[in-house]
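The values are calculated or read from the model by the stated rules, or taken from the named source; none is laboratory data. Predicted, not measured: the structure shown is a model, and the values here were computed from it. Note that we place each Cβ from the backbone using ideal geometry, even for glycine, and neighbour counts take in every protein chain shown. Keep in mind that these areas ignore ligands, DNA and RNA; they rest on the heavy atoms of the full protein, side chains included. Shrake-Rupley method; radii C 1.70, N 1.55, O 1.52, S 1.80 Å.
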Amino acid sequence: MAVDTSARVVSPELYAASMELAMQQQIPGYASEQIQPGTTAGIPSVRRLFTFTEREASGQDHQARGFQVTLVKGSTPYIVSGSSPAEEFQRFSPTFERMVESFRFS
């Protein structure tokens, strides 16, 4: 989970769009798979699924798959994210879902 304290935005859709552009420019092998509006912690959110090239500590590259859920409370964006090697993403999906579902504002 991350809080972007440098950004002030009004909607999760606009923030997710800015994240999409940044990732296309900065993440090697980035490819968007799905962008879906929804609700997280009782407020509107946007979930993005994507693949990218990840470099291991050994220096070898492999294909990874990740997700980001972007939500905005007030004018502060929050990002819940996770990734795994692409071939293991389905196995980790239930854990990722529990992680997103457990997110709450105190």
| request: Tell me which of these residue 10 doesn't satisfy, since it passes every other one: (1) in a helix (DSSP H, G or I); (2) of a type in the set (A, V, I, L, M); (3) open to solvent by 40 Å² or more (accessible area, probe 1.4 Å). | output: (1)
| message | Quick check on residue 97: is it at pLDDT 90 or above, touching a Lys or Arg at 6+ places or on another chain (Cβ under 9 Å) and open to solvent by 40 Å² or more (accessible area, probe 1.4 Å)? | response | no
| Of all residues making up region 58-94, the number that are surrounded by 11 or more Cβ atoms within 10 Å (Cβ to Cβ) and closer than 20 Å to residue 42 by Cα | 13
| Check on residue 54, without any contact (Cβ under 8 Å) to a residue 60 or more places away in the chain, in a strand (DSSP E or B), out of contact with any Phe, Trp or Tyr (no Cβ under 8 Å at 6 or more places or on another chain) and surrounded by 14 or more Cβ atoms within 10 Å (Cβ to Cβ) | yes
| note | Taking region 19-35 and keeping only residues that are open to solvent by 90 Å² or more (accessible area, probe 1.4 Å), over 22 Å from residue 59 (Cβ atoms) and assigned to a helix (DSSP H, G or I), one is left with 21, 24, 25
